[in-house]
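Where a number appears in this text, it was derived from the coordinates with a stated rule and is not lab data. Note that the coordinates shown come from a computational prediction; the quantities given were computed from them, not determined experimentally. No Cβ is skipped: glycine too gets one built from the backbone with ideal geometry, and neighbour counts run over all protein chains shown.
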Amino acid sequence: MTGDNTRPFLNRLIFTILGILSFAFSTPAQAGTDADTLYRRNPGTITPKGPYRPERPRKNDILYTRLDVQLDWAKQQVPASAILKFKPHFYPQNTLELDAKGFEIKGISMLDTTGEYGDLTTEEIAGKVKKKLEFSYDKRKLTIKLGQEYTRKDTLFVKIDYIAKPNDVPRGKEDDSASDKGLYFINADGLDEGKPRQVWTQGETEGSSCWFPTIDAPNQKFTQDIYITVDSTYKTLSNGLLVGQEEGKKGTRTDHWKQTLPHAPYLAMIAVGDFTVAKDMMPNGLELSYYVEPKYGADAHAIFGRTPEMMGFFTNVFGVEYPWEKYAQIAVRDFVAGAMENTTATVHEEGVQNDARSLVDGNSDAVIAHELAHHWFGDYVTAEEWGQLPLNESFANYAEYLWSEYNDGRFEADWGNLQEMKEYLAESETKQVPMIRYFYKDRENMFDAHSYAKGGRILHMLRSLVGDDAFFAALQHYLKAHAFGTAEIDDLRNSFEKITGQDLNWFFDQWFHKPGHPVLKIDQQYVAAQGKVILKVKQAQDTVATTVYRLPVKVDVWVSGKMNRYDVVLDKVTQTLEFPAAKKPELVVFDADAQLLAVVEHDKNRPEMEFQYLHADRFLHKYEALASLEGALADTTARKILVKAMDDPFWKLRQMAISNFAEYAGEGFADIEKVIQARAQTDPHPQVRAEAIITLASFGDNNSDQIFKAALADSSYLVASVAIEKYLMSQPNDAAEIAAQFENSPNDAIITAVGNYYAGLAEPERFDWFLTKMKAMKPGDKYNFLQVFGKYLIKSKQDVQRKSIPVLEGLARDNSSYFVRFGAFQALGLLTDIQGVSALRKDIRAKETEPRLKEMYSQFGDL
């Protein structure tokens, strides 16, 4: 799952916000501390344990589930029946205990055990009833009394008639989710103009039992039939194949979806709504389908069209054919995660939908690859308990790297790798826990930057350690050994040990079972008399709370323009490494493969960093070198290197080099400005063109106004939006005309740029424009637009500010996206001079139930 429940987009957003808040609310002393000092000052960093969380005991095994569901839009309820085929796991049982949250139970029956129930009519099923069963129910657990004791040799069928009431799911007890409903009605009454009516489900972690009775644990696996009765104007999607459609009464239709391969209950899904469906076909006949809102129908292949190649790529590298009957992807409104890997039917949040021009600025390949990879790691082989979640999420996270490496090149993949490492390190300042957690307070807390970002980086190190051939052979062994079953971390270790013939307990112990990460302080010396360079390495992390790491790394030593590479192993708190060097090295690169998950403090002077940029062959080392040259434009050599870097083959390094020249007015300015102007007009990457425009605008000389104006028609919305903002910033004579030209753009970034201009004018008549545009935006863009709206309100008179309060309150309390609620809460914070707003914010904060948003609010302290 993505969003990342935290998934990639949401993950990155929350940690960006928390990072900003952390900086904003830190003391001056804290803002300047190094990682080691911060770690030692922060006794709460090693997160306290929760209770022991074993794999769910398996008294009974559910083998098959049939669901017949209807949708009551008016009541937002689901009248349904469930048929469960089950058997005692080992010990005899006289009850069946099920998770069933917030239901109205109408009746329970034992069915005839002969035959199957997947294709029977409701009338035929009624004829199979053997007897009514007694039960007890507390709105969370349904305990069915079977009437006698059965053994593992017995296979039983029970039928449960019920009404699922997702808005009445019980809260407040230990292990109750604070917000999950399992099944969500979107715009159920149809009154929200412009928003489609939809129903969709979200099962991870234990949301499926909010809409059907089951043993809601990842160590259960069953096949299923789902019959969905809907208005005949709607399309449906569920797991497996659509094997039947039957027209019903009063304009209804019943769709029959069948999945013949077993999966865990959290992966069961349905979705209903008005969708356009585009399709692809794999060479083996496997159907791929893409469900989007009708206005994006023409763009469906542009959005999802790399999926067939991804599927072929992952089949090849994992060594196992895609194991399921089909693969569908659907985009829905107000989704509570970034995306979810329901078996054969991934659900994406609405932001995945973009027109072809928007996709110039970037696609959703990372999340598409992530969810597809879950169909091997998570769906095919499932973590047996939520504390083993890295077996699902770390692999899906690393699949993003693998796809990027294959499709975009190693530098692009390594840029993503760096972002992921920063995400984990940001989280580690306040939270350090083992990757595999046998003790935790809340299963939802497993969905963090440890399970995702850190886990992906650990797998990258493991790949570097054993080599590509062994790494992928071990993955194949693991997948085949546990196909359609469950696993724990030792199963993965055993697969790697069987393939490599090596003992890898040390690696898995320090990285998966211990919290934290290495903090390495490197002191470099050159001893001319002995002809050697010495590195004194200290592991400066708290080795009592974490561990002393064993770290195989490579070290490059450059002497007289020639590089020698050395393999070393760190395994002590302090260690001295010596390498031959006939003269003082131009450069020493620790972790030459740039694969280590660690904080590395290795001071280098400017000439060394300049040499590093010019000679290193890894993205991270070039990035580090350019970052070190920030503010060094007065140095002629550094400036020449930055000018050279504006022509680097990789876009991110060009962008970094250009950004260094913001507000530059020194030697060679005219020539440098021409280079940046050329980048603004012709660079192949939109991020670089946008950065060039931002940098040119910082010069304040109006030499580039025509470039800005020409960029209004750029193929990239990003570039055009930046150009609009920078062009309007200079208050040209045609500013009003340009703003009016773009104020109804279909792109939210363009609208935000125009909004920024209107915010500066603070015209009261623009209030309704701001509200109209904000209402139609996707959640991520709405958060950004709220910042611009806040600027408008600050500059507006109090009567306009007062009009905004109920709007912002509604967003802060009720918007389905927690980060939009946070943005509205922030905007209200700009209006605290108005009586009652401070009290309103306190009330909003006190009544918030979303754990991630409560955590963000906690950064504010007392309001």
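Computed over the chain, the quotient of the alpha carbon radius of gyration and 2.2 N^0.38 Å is 1.01.
Residues within the reach of a label modelled at Ala839 (point 7 angstrom out along Cα to beta-carbon, backbone nitrogen below 17 Å), restricted to region 777-817, are 805-806, 809.
What does the charge count near Lys536 come to, summing +1 for each Lys or Arg and -1 for each Asp or Glu among other residues with Cβ under 11 Å from its Cβ?
Numbers: positive: Lys521, Lys538; negative: Asp523, Glu578.
Net charge in that neighbourhood comes out at 0.
Over region 743-863, the pair-distance histogram of Cα-Cα distances with 10 Å bins from zero comes to 13, 47, 32, 8, 0 percent, rounded to whole numbers.
Region 365-403 and region 826-860 have Cα centres separated by 35 Å.
For the pair Lys279 and Arg357, label points projected 7 Å from Cα toward Cβ lie 3.2 nm apart. Counted by neighbouring Cβ atoms within 10 Å, the residues Ser816, Ser209, Ser745 run from fewest to most as Ser816, Ser745, Ser209. Placing R0 at 30 angstrom, the Cβ-Cβ distance between Arg58 and Glu124 gives a FRET efficiency of 0.45 after rounding to 0.05.
Here's the list of aspartates and glutamates a cross-link from Lys85 could span, going by alpha-carbon distance under 14 Å and ignoring same-chain residues fewer than 8 apart: Asp61, Glu97, Asp112, Glu116, Asp154, Asp225. Simple spin-label estimate for Thr772 and Ala74 gives 3.5 nm between the two label positions (7 Å along the Cα-to-Cβ direction from each Cα).
What does the extension gain come out to for Arg802 and Arg565, with contour length at 0.36 nm per residue minus their alpha carbon separation? Full extension of this stretch gives 78.7 nm more. Length gained on full extension, Lys153 to Arg813: 232.3 nm, using 0.36 nm per residue less the C-alpha separation. A cut-off under 15 angstrom between Cβ atoms defines the neighbours of Phe484, and their net charge, with Lys, Arg +1 and Asp, Glu -1, is -4.
In the chain, the DSSP-assigned H stretches of four residues or longer account for a calculated mean residue ellipticity at 222 nm of -11500 deg cm²/dmol, using -39500 (n - 2.57) per stretch and the full residue count as denominator.
Determine, for each peptide in 796-807, 274-285, 398-409, the mean count of other beta carbons within 10 angstrom over its residues, then list the peptides with the highest first. Intermediate results must be reported in sequence, preceding the final value.
Numbers: 796-807: 15.2, 274-285: 13.7, 398-409: 20.1.
Ranking the peptides 796-807, 274-285, 398-409 by packing returns 398-409, 796-807, 274-285.
So how do 191-198, 175-182, 336-343 stack up, highest first, on mean other-Cβ count within 10 Å? Mind dumping the intermediate values first?
Details: 191-198: 13.4, 175-182: 17.6, 336-343: 26.6.
The peptides rank, most packed first, as 336-343, 175-182, 191-198.
Here are some pairs, Lys250/Lys773; Lys221/Lys854; Lys538/Lys584; Lys295/Lys782; which of them have Cα atoms lying more than 30 Å apart in this structure?
Details: Lys250/Lys773 38 Å; Lys221/Lys854 34 Å; Lys538/Lys584 22 Å; Lys295/Lys782 20 Å.
Result: Lys250/Lys773; Lys221/Lys854 exceed 30 Å.
The spacing between region 437-473 and region 663-700, judged by their C-alpha centroids, is 40 Å.
Going from the alpha-carbon gyration tensor of region 623-742, what semi-axes, largest first and in whole Å, does one get by taking the root of 5 times each eigenvalue?
Numbers: eigenvalues 139, 48, 21 Å².
So the equivalent ellipsoid measures 26, 15, 10 Å along its semi-axes.
Quick check: the distance between the Cα centres of region 143-202 and region 321-355, to the nearest angstrom? That distance is 21 Å.
May I ask for the net charge around Lys131, where only other residues with Cβ less than 14 Å from the Cβ of Lys131 are counted and Lys, Arg are +1 while Asp, Glu are -1? List each step's numbers first, then the result.
On the way: positive: Lys128, Lys130, Lys132, Lys145, Lys159; negative: Asp112, Glu134.
Value of the local net charge: +3.
Rank these for me by crowding, Tyr717, Tyr664, going from fewest to most other beta carbons within 10 Å. Each step should come with its number before you reach the end.
On the way: Tyr717 23, Tyr664 18.
So the residues, fewest neighbours to most, are Tyr664, Tyr717.
Packing here is the average count of other Cβ atoms within 10 Å per residue, and on that basis the peptides 699-705, 767-773, highest first, run 767-773, 699-705. For region 145-160, the residues whose backbone nitrogen is under 13 Å from a point 7 Å from the Cα of Glu134, taken along Cα to Cβ, are 145-148.
Take the Cβ atoms of Glu488 and Thr543, set R0 to 25 Å, and the FRET efficiency comes out at 0.40.
The calculated FRET efficiency for the pair Glu765 and Asn605, based on their C-beta separation and a Förster distance of 45 Å, comes to about 0.15.
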